[in-house]
C-alpha cells in the first residue's frame, strides 16, 4: 500500500473511532480487518499526526461529505476523495481509492462485472491482491471504437491481469447500426453465454455517463451529437452501460435501447454489490439518477462532485 492510500485508510479508521464512536470491533467488521490491525492503525494515526485534537482538514471535509451522503441516502456506502487540481489528478485519486476499496471486499469465488470509462482504467493501474483469489472478471458491455482508456475490452483485460483472474469477453460492438443487427448478434451462442455469465456476477464496477455532447458515447462515435440531443429531449439524465435513464433512475426506452449490446438494465440492478466510480460535476445529475434508481450500493467520487450531488438532491 503506497503512502497516500495508507494515510487515507488511517484517517478513515480514526474518524470511525474518534468521531463516530464506533468500537474497534465494529470497525474491524466493517472493513474486514482484524481487531489487532485496527489497534495498530489507530496507534499509527496518532504517531504520524493524523490524530491530534482533530483529523486533518483535507480529509475531514471528505469524511463530512461522506456522512452527508449517508444521511441523505442511508442505503449507500460512499468513498469520497479530495478533488485534485485537474480532472486527471482527481480521476487518479478516485481510481486509487476505488482500487483499495475493491481489494478489501473481494472474496474467493467472486464474479466481477466490469464496464468501461477512463476512471475504471485508473482503477486497473492500482489494483493488486496480497493473496491469490479465484476470481472471474466479465465484460458487461460490447466494445467501443475508442482508446484503450475507454474501451471495455481493454479495461477488462487490464483488471483481469492485475487480479490474476480469468476473463470473459463480450466480443461484439457496444452499439449496432440497426435493431436487426443487434437481434442477430444476440442469437449467437457465444454472446448468449457471456450475457448469461454476467447475470451471475456477485459484484460490478462501472461508471455513469452524462448526456452532454462531450459524453463518452459521443466521443467514441457510438452516438452522434444529434442523437444525444434527442435523448436529452426525451428526459435522459445519464446512462449506465448504454442504457439511458431519467433523473429519478427510471429507464428510458429509446432508439438506443434497440441497438446497444450490454447486460440489461434490470439485470445490472440485481447484482448484489454494485460499485459506481464517477468524478466530475458534469456527471452529478447522472450519479443522482443512478442512486435514486437503485443502480449502486457504493459510490466512489470526489468531494466537489459529491457536494453537487447533494445540492441537486435537495432541490
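Here 111, 89 are screened, and the one residue that is surrounded by fewer than 14 Cβ atoms within 10 Å (Cβ to Cβ), under 25 Å from residue 123 (Cβ atoms) and in the same structural domain as residue 132 (by TED's automatic domain parsing) is 89.
Taking segment 279-308 as the range and being assigned to a helix (DSSP H, G or I), farther than 14 Å from residue 62 by Cβ and touching a residue at least 40 places away in the same chain (Cβ under 8 Å) as the test, the residues that pass are 282, 283, 285, 286, 287, 288, 289, 290, 291, 292.
Condition check: over 26 Å from the mean Cα position of the chain (by Cα) and at pLDDT below 95. Does residue 83 satisfy that? In short, no. Does residue 220 satisfy being surrounded by 18 or more Cβ atoms within 10 Å (Cβ to Cβ) and at pLDDT below 90? Spelling it out, residue 220 is indeed surrounded by 18 or more Cβ atoms within 10 Å (Cβ to Cβ) and at pLDDT below 90. Among the residues of segment 145-155, not a single one is more than 15 Å from the chain's Cα centre (by Cα) and modelled with pLDDT of 85 or more. Of the candidates 205, 231, 170, the single residue that is more than 20 Å from residue 140 (Cβ to Cβ), surrounded by 17 or more Cβ atoms within 10 Å (Cβ to Cβ) and in contact with a strand residue (DSSP E or B) (Cβ under 6 Å, 6 or more places away or on another chain) is 231. Residue-level check: of (1) touching a strand residue (DSSP E or B) at 6+ places or on another chain (Cβ under 9 Å); (2) more than 24 Å from residue 82 (Cβ to Cβ), residue 285 misses just (2). For residue 276, indicate whether it is buried (at least 24 other Cβ atoms within 10 Å of the Cβ), in a strand (DSSP E or B) and assigned by TED's automatic domain parsing to the domain that holds residue 141. So residue 276 fits the description; yes. Here 153, 122, 180 are screened, and the one residue that is without any contact (Cβ under 8 Å) to a residue 12 or more places away in the chain and either surrounded by fewer than 23 Cβ atoms within 10 Å (Cβ to Cβ) or in the same structural domain as residue 309 (by TED's automatic domain parsing) (or both) is 180.
The values are calculated or read from the model by the stated rules, or taken from the named source; none is laboratory data. Keep in mind that what you see is a predicted model, and the values were worked out from it rather than measured. Every residue, glycine among them, receives a Cβ derived from its backbone with ideal geometry; neighbour counts consider all protein chains shown.
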